[in-house]
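Participant: Quick one: the structure is below, questions incoming.
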Amino acid sequence: MKNFINDIPKAELHLHIEGTLEPELMFKLATKNNIKLNYKTIEDIKKAYNFTNLQSFLDIYYSGAKVLINEEDFYDLTFDYLKKCKQNNIIHTEIFFDPQTHTARGIKFETVINGISKALEDAKNEFSISSKLIMCFLRHLSEEEAFDTLKEAIKFKDKIIGIGLDSSEIGNPPSKFKNVFSKAKNLGFKLVAHAGEEAGFEYINDALDLLNVDRIDHGVQAINNNKLMQRLKDNQIALTVCPLSNTKLKVFEDMKEHNIKQMLEYGLNVTVNSDDPSYFGGYLNDNFHAISNNLNLSKENIIKLVKNSFNSSFISNEQKAKFINIVDEFIKNN
Ligand code: ADE
Ligand code: ZN
């Protein structure tokens, strides 16, 4: 099973590029850009990654992102993740970026998107990795600030497939971003939102009803409402679940308590993703191993999860069929 998980071609749909910043690159960029870190050694950094909830992680995550200054820093960050994709046999990835984390520090929107985009282009040529970019609004900021960010994004519309919503969930409900999501939909963007990560299942209903999202990021709190479970099943709405993130942020105390298998067996369209792998202790294959070992997943479970990701991605139907064919060929031989 271990080799099967490692080798099967996969897609990833929930990955924050700022969450792939490894301590080594953080130190290197801090020195290059003359940024003072709160840590003296890589061990100090790793010790700080001891989270009690989402906010305790976000504070450290935003602070780490301060080392990213120039276009080449965003390039290096992204290219390092794409090398991990190659190692994890990820052949398609849909990457989140948080421009407001950077523009608030005086970094230009184009510095961020050009650095990321160049790395995506190079990885396509060097590793044949297919990718899409999703721009997230920070939900702890105002809707007005989200509108300003959307305006910037329009200039780079050819590089951005969708709009998402992340950061501090509790107290920042989907309703706060109703108007800006409506505008984004009219502009032709795909829509996603983090919902039901640590706030209640009501946020999932609201993301569907008020924001019109195409996918739900996380969504694990859906289990607490039968009517919503039925709705997600009937409409096969994709949930981008992130197992290691959920245990690191204490959404579940132990991987053995994670509900991904239960949701899969109920018939929900669940997928496996790494969220912020540098902070949560593992990339995509590690997430698959963690659930496979702790929840006793079958080979069929793994295949279903992998196919769900390709089928729920924002690529053309033709491209989806090509990728599913690659997966089927792998299964035939393994
Ligand atoms: N930003 C980065 N990771 C996040 C997560 N898991 N939830 C909300 N916002 C995030
Ligand atoms: Zn996330």
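Participant: If we count other beta carbons within 10 Å of each Cβ, what is the order of LEU268, LEU25, fewest first?
Facilitator: LEU25, LEU268
Participant: Expressed in nm to one decimal, what extension gain is obtained for the pair GLU24 and ILE170 from 0.36 nm per residue of sequence separation less their Cα-Cα distance?
Facilitator: 49.4 nm
Participant: Shape verdict for segment 132-193, please, from the Cα gyration tensor: rounded (a/c under 1.5), prolate (a/b greater than b/c) or oblate.
Facilitator: Prolate is the answer for segment 132-193, as a/c is 1.5 or above and a/b outweighs b/c.
Participant: Provide the FRET efficiency to the nearest 0.05 for the PHE4-GLU43 pair, computing r from the beta carbons and using R0 = 25 Å.
Facilitator: 0.15
Participant: Let me ask you something else. Give me the Kirkwood hydrodynamic radius of segment 2-332 in Å, from all C-alpha pairs, to one decimal place?
Facilitator: For segment 2-332, the Kirkwood estimate is 19.9 Å.
Participant: Kindly provide the trypsin sites (Lys or Arg not before Pro) of segment 1-84 that DSSP labels as loop, not H, G, I, E or B, and whose Cβ sees at most 12 other Cβ atoms within 10 Å.
Facilitator: Loop-located and lightly packed - LYS36, LYS40.
Participant: Let me ask you something else. Go through segment 132-139 residue by residue and turn each phi into a ³J(HN,Hα) via Karplus (6.51, -1.76, 1.60, θ = phi - 60°); whole Hz please, and just put x for glycine and proline.
Facilitator: Each residue's phi maps through the Karplus curve to give 9, 10, 10, 8, 9, 8, 7, 6 Hz.
Participant: Let me ask something additional. Can you list the trypsin sites (Lys or Arg not before Pro) in segment 155-196 that are in a DSSP coil and have 10 or fewer other beta carbons within 10 angstrom?
Facilitator: In loop regions of segment 155-196 (DSSP not H, G, I, E or B), there are no sparsely surrounded trypsin sites (Lys or Arg not before Pro).
Participant: Next up: Per residue and in cubic angstrom, what volume does the convex hull of the Cα atoms of segment 66-191 have?
Facilitator: Per residue, the Cα convex hull of segment 66-191 comes to 109 Å³.
Participant: In deg cm²/dmol, rounded to 500, what helix-only [θ] at 222 nm does the chain give when every DSSP H run of at least 4 residues adds -39500 (n - 2.57) and the total is split over its residues?
Facilitator: Using -39500 (n - 2.57) per qualifying helix, the result is -15500 deg cm²/dmol.
Participant: Using a ≥ b ≥ c from the Cα gyration tensor of segment 198-334 (square roots of the eigenvalues), is it rounded, prolate or oblate, where a/c under 1.5 gives rounded and otherwise the larger of a/b and b/c decides, a/b for prolate?
Facilitator: oblate
Participant: Across segment 148-162, in residue order, what do the Karplus-derived ³J(HN,Hα) couplings come to in whole Hz, using 6.51 cos²θ - 1.76 cosθ + 1.60 with θ = phi - 60° and x for Gly and Pro?
Facilitator: Result, rounded to whole Hz: 4, 5, 4, 4, 4, 5, 4, 5, 10, 4, 5, 9, 10, 8, x.
Participant: So who's got an amide H within less than 5 Å of the one on ASP214, skipping anything under 5 residues away but keeping other chains? H placed 1.01 Å off N, in plane.
Facilitator: LEU191, VAL192
Participant: Give, in nm to one decimal, the length gained when the segment between ILE331 and PHE127 is fully stretched (0.36 nm per residue of separation minus the Cα-Cα distance).
Facilitator: So the extension gain works out to 71.3 nm.
Participant: Which pairs, out of LYS2/LYS304; LYS118/LYS304; LYS155/LYS320; LYS83/LYS320; LYS124/LYS155; LYS250/LYS299, put more than 26 Å between their alpha-carbon atoms?
Facilitator: Long pairs (Cα-Cα over 26 Å): LYS118/LYS304; LYS155/LYS320; LYS250/LYS299.
Participant: Using the per-residue mean of other Cβ atoms lying within 10 Å as a proxy for protection, in what order, highest first, do the peptides 90-99, 109-118, 220-229 fall?
Facilitator: The peptides rank, most packed first, as 90-99, 109-118, 220-229.
Participant: Follow-up. Please report, in debye to the nearest 20, how large the charge dipole of segment 2-332 is about its Cα centre when each Lys and Arg carries +1 at its beta carbon and each Asp and Glu carries -1 there.
Facilitator: 400
Participant: Also, quick follow-up: Hey, if you put +1 on the Cβ of every Lys and Arg and -1 on every Asp and Glu Cβ in the chain, which of TYR62, ILE302, LEU232 ends up farthest toward the positive end of that dipole?
Facilitator: In the chain, that residue is ILE302.
Participant: Would you mind calculating the gained length between ASN317 and ASN294 on full extension (0.36 nm times residue separation, minus the Cα-Cα distance), in nm to one decimal?
Facilitator: 4.9 nm
Participant: Can you bin segment 264-334 into rounded, prolate or oblate? Criterion: square roots of the alpha carbon gyration tensor eigenvalues sorted a ≥ b ≥ c, rounded for a/c under 1.5, prolate for a/b above b/c, oblate for the rest.
Facilitator: It is prolate, given that a/c is not under 1.5 and a/b is the larger ratio.
Participant: Quick one: Karplus J couplings for segment 182-188, per residue in order, coefficients 6.51, -1.76, 1.60, θ = phi - 60°, nearest Hz, x for Gly and Pro?
Facilitator: So the J values, rounded to whole Hz, are 4, 4, 4, 5, 4, 7, x.
Values in this text are rule-based calculations from the coordinates and carry no lab data. None of these values were measured; they are calculated from a predicted model. We place every Cβ from the backbone using ideal geometry, glycine too, and count neighbours over all the protein chains shown.
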